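Chemist: Quick one: the structure is below, questions incoming.
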Amino acid sequence: MNHRSKLPNIETTIFTIMSNLANTHNAINLSQGFPNFKSDQKLIELVVDAMNSGYNQYAPMLGAMPLRAAIAEKYQQVYQANYNPEDEVVITCGATQAIYTIISAFIHAEDEVILFKPAYDCYEPAIAVNGGKSVAIQLNYPGYQIDWKLVESSITQKTKMIIINTPQNPCGTVFSKEDMLELQRITKDTNIIVLSDEVYEHMVFDGMEHQSACLFPDLKERTFITASFGKTFHNTGWKLGYCCGPSALMKEFIKVHQYNVYCVNHPTQIAIATYMNDASTYNSLPAFFQQKRDLFLNAIKGGRFKWIPTQATYFQVLDYSDITNENDIAYAKRLTIEHGLAAIPLSVFNENKRDQKVLRFCFAKTDETLLKAAKILKTI
Ligand SMILES: Cc1ncc(COP(=O)(O)O)c(C=O)c1O
């Protein structure tokens with residue numbers, strides 16, 4: 001048979017490549033973004049309780065109401081933003097499904113979608129599968145600042161959507177209030193939809209504040225926010241996330257969601273609804289991850305890597321330009337094979353695979369793992 005691929009340029013993701021290489025060489029794996037510690041036993045017990053209480057059949061299409069209500073309450077408490085749990089909050093199979101559904105619901109052939117590189121890798125394939133065109137704006141190490149004049153001049157008649165990711169994976173930067181005001185200004189009185197991927201909203205350090213799109217009233221009216229309980233509650237394998245947006249936009253989202261997954265895992269929804277009613281479950285995260293970032297960075301002091309402490313997420317970018325001139329993919333592979341430590345080369349997230357001699361390390365790991373990894377890095 002002869003098929004015309006819808007994604008002819010897609011290769012195996014770097015996460016699979018680096019994780020396989022780490023396994024083969026028995027290396028410490030700081031490449032993929034997932035914790036190597038357990039999620040809270042209390043949360044696990046709540047899932048068991050939910051199963052024992054019979055929540056083992058299909059959940060309601062938009063998600064279990066107690067969870068949608070808990071999410072709406074969180075947005076009220078944290079951002080003083082209103083989302084109606086009846087029709088403005090939908091529970092999804094991770095943030096990934098929310099992102100895919102938003103893009104599928106709105107992107108027609110030839111529509112343009114502006115996004116910022118380095119970018120998390122699920123946006124562009126979803127745009128391509130739906131016949132859209134990605135318009136990438138490259139941000140650069142070390143500051144990754146946005147030139148909003150350039151963004152404004154990239155908007156055309158065909159621009160249907162702008163995707164932002166704050167805090168941003170892989171570079172760990174946070175959009176400032178001024179950034180969000182600029183985004184609000186340039187999209188005002190347009191038909192542009194904003195997809196604001198905020199999966200790391202609760203991992204912001206050094207007293208900085210997450211500037212959620214829902215804090216800006218005009219922006220909120222055109223924005224879908226996507227979020228991930230896998231990231232927030234240390235259980236990426238549960239693949240539970242959600243999406244919030246104004247009801248007019250959500251109506252179209254739901255049409256696709258209904259025939260894509262219909263609904264997602266029920267007992268975990270019931271458990272998280274109870275768990276997140278205690279706000280300390282997410283309010284404690286900045287201190288928890290900042291301690292890990294600082295432990296890791298203090299332990300590599302005196303070595304040859306250079307860095308700016310990451311502002312947010314659980315990723316730290318390290319600059320190896322004082323060590324070698326190799327391209328970042330080659331160096332990441334050599335670091336794994338020869339030194340026993342796996343990381344992600346940033347070029348894979350960049351436009352035209354631009355190499356800026358930086359690697360991304362995930363510090364959502366036990367202190368013991370971080371200290372072992374730091375020992376390797378310090379002596380290179
Ligand atoms: C920026 C960003 N968005 C979305 C996701 C996907 O989240 P989930 O695992 O909930 O699908 C990730 C996971 O790494 C991510 O880093």
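The values are calculated or read from the model by the stated rules, or taken from the named source; none is laboratory data. For clarity, every value in this text was computed on a predicted model and none was experimentally measured. Ideal geometry is used to build each Cβ from the backbone, glycine not excepted, and the neighbour counts take in all protein chains shown. All accessible areas refer to the heavy atoms of the entire protein, side chains included, with ligands and DNA or RNA removed. Shrake-Rupley method; radii C 1.70, N 1.55, O 1.52, S 1.80 Å.
Chemist: Go through Lys177/Lys220; Lys117/Lys357; Lys251/Lys353; Lys38/Lys357; Lys38/Lys306; Lys158/Lys239 and tell me which ones have a Cα-Cα distance over 26 Å in this structure. Can you show the working numbers first?
Modeler: Working: Lys177/Lys220 14 Å; Lys117/Lys357 15 Å; Lys251/Lys353 37 Å; Lys38/Lys357 33 Å; Lys38/Lys306 31 Å; Lys158/Lys239 33 Å.
Pairs exceeding 26 Å: Lys251/Lys353; Lys38/Lys357; Lys38/Lys306; Lys158/Lys239.
Chemist: Roll a 1.4 angstrom probe over the protein heavy atoms and tell me the percent of accessible area of segment 60-117 that is carbon or sulfur.
Modeler: On the way: 1010 of 1960 Å².
Ligands and nucleic acids excluded, carbon and sulfur reach 51 percent.
Chemist: Let me ask another. So for the chain, Kirkwood radius off the Cα pairs, Stokes-Einstein at 4 °C and 1.567 mPa s: how many µm² s⁻¹? Let's see the in-between values first.
Modeler: Values: Rh = 21.5 Å.
The diffusion coefficient I find is 60 µm²/s.
Chemist: Roughly speaking, what is the stretch gain from Ala248 to Glu221, that is 0.36 nm per residue apart minus the C-alpha to C-alpha distance, in nm to one decimal?
Modeler: On the way: separation 27, 0.36 × 27 = 9.72 nm, distance 0.91 nm.
My answer for the length gained is 8.8 nm.
Chemist: Kirkwood Rh over alpha-carbon pairs of segment 30-136, then Stokes-Einstein at 37 °C and 0.692 mPa s: what D in µm² s⁻¹, rounded to an integer? Each step should come with its number before you reach the end.
Modeler: Numbers: Rh = 17.0 Å.
The diffusion coefficient I find is 193 µm²/s.
Chemist: Then there is this: To the nearest 20 debye, what is the magnitude of the charge dipole of the chain about its Cα centre, counting +1 on the Cβ of each Lys and Arg and -1 on the Cβ of each Asp and Glu? Kindly include the intermediate steps, with their values, before the conclusion.
Modeler: Details: 35 positive and 38 negative charges, 179 e Å.
The calculation lands at about 860 debye.
Chemist: If you don't mind, another one. Once you have a ≥ b ≥ c as the square roots of the Cα gyration tensor eigenvalues for segment 178-316, tell me rounded if a/c is under 1.5, and otherwise prolate or oblate according to whether a/b is larger than b/c.
Modeler: Details: a/c = 2.34, a/b = 1.35, b/c = 1.73.
Note, shape of segment 178-316 comes out oblate.
Chemist: Residue by residue, what Karplus-based ³J(HN,Hα) values in Hz, rounded to whole numbers, does segment 21-30 have, using 6.51, -1.76 and 1.60 with θ = phi - 60° and x for Gly and Pro?
Modeler: These are the phi-based 3J(HN,Hα) values: 5, 4, 5, 4, 9, 6, 8, 5, 9, 9 Hz.
Chemist: Compute the length gained on full extension between Gln258 and Asp206: take 0.36 nm times their separation in residues and subtract their Cα-Cα distance, giving the result in nm to one decimal.
Modeler: Values: separation 52, 0.36 × 52 = 18.72 nm, distance 4.09 nm.
Result for the pair: 14.6 nm of gain on full extension.
Chemist: For Gln138, enumerate residues with amide H under 5 Å from its amide H, sequence gap 5+ or separate chain, H modeled in the peptide plane.
Modeler: Correct list: Lys117.
Chemist: Roughly speaking, what is the stretch gain from Lys158 to Glu326, that is 0.36 nm per residue apart minus the C-alpha to C-alpha distance, in nm to one decimal?
Modeler: Details: separation 168, 0.36 × 168 = 60.48 nm, distance 3.93 nm.
Full extension from Lys158 to Glu326 adds 56.5 nm.
Chemist: Going through segment 301-341, which trypsin sites (Lys or Arg not before Pro) have at most 16 other Cβ atoms within 10 Å and a DSSP loop state? Each step should come with its number before you reach the end.
Modeler: Numbers: sites: Lys301, Arg304, Lys306, Lys333, Arg334; in loops: Lys301, Arg304.
Passing sites in segment 301-341 are Lys301, Arg304.
Chemist: Please report the spacing between the Cα centers of segment 337-380 and segment 127-182 in Å, no decimals.
Modeler: Cα centroid to Cα centroid, the span is 25 Å.
Chemist: With an 8 Å Cα cut-off and a minimum separation of 6 or more residues, compute the relative contact order for the chain in percent. Intermediate values should be presented prior to the final figure.
Modeler: Numbers: 732 pairs, mean separation 97.0, N = 380.
Taking the mean separation of contacting Cα pairs over the length of the chain, I get 26 percent.
Chemist: Separate question: Near the amide H of Phe315, under 5 Å away, which other amide H atoms are found, from residues 5 or more places off or on another chain, if H is placed in the peptide plane?
Modeler: Phe363
Chemist: Follow-up question, since we're still on this one. Rank by packing, highest mean first: peptides 255-264, 121-130, with packing defined as the count of other Cβ atoms within 10 Å averaged across residues.
Modeler: Numbers: 255-264: 16.2, 121-130: 18.9.
Peptide ranking by packing, descending: 121-130, 255-264.
Chemist: Ignoring ligands, DNA and RNA, please state the percent of accessible area on segment 17-56 from carbon and sulfur, probe 1.4 Å. Walk me through the numbers before you get to the answer.
Modeler: Details: 1120 of 2320 Å².
The value for segment 17-56 is 48 percent carbon and sulfur by accessible area.
Chemist: Where only protein heavy atoms count, and the probe is 1.4 Å, what is the accessible area per residue for the chain in Å²? Let's see the in-between values first.
Modeler: Numbers: 16550 Å² over 380 residues.
Per residue, the chain has an accessible area of 44 Å².
Chemist: A further question on this structure: Quick check: at a probe of 1.4 Å, how many percent of the accessible area of segment 138-180 sits on carbon and sulfur atoms?
Modeler: On the way: 870 of 1820 Å².
So the carbon and sulfur contribution to the accessible surface is 48 percent.
Chemist: Determine the distance separating the Cα centre of segment 306-323 from the Cα centre of segment 214-255; give it in Å without decimals.
Modeler: Rounded to whole Å, the Cα centres lie 29 Å apart.
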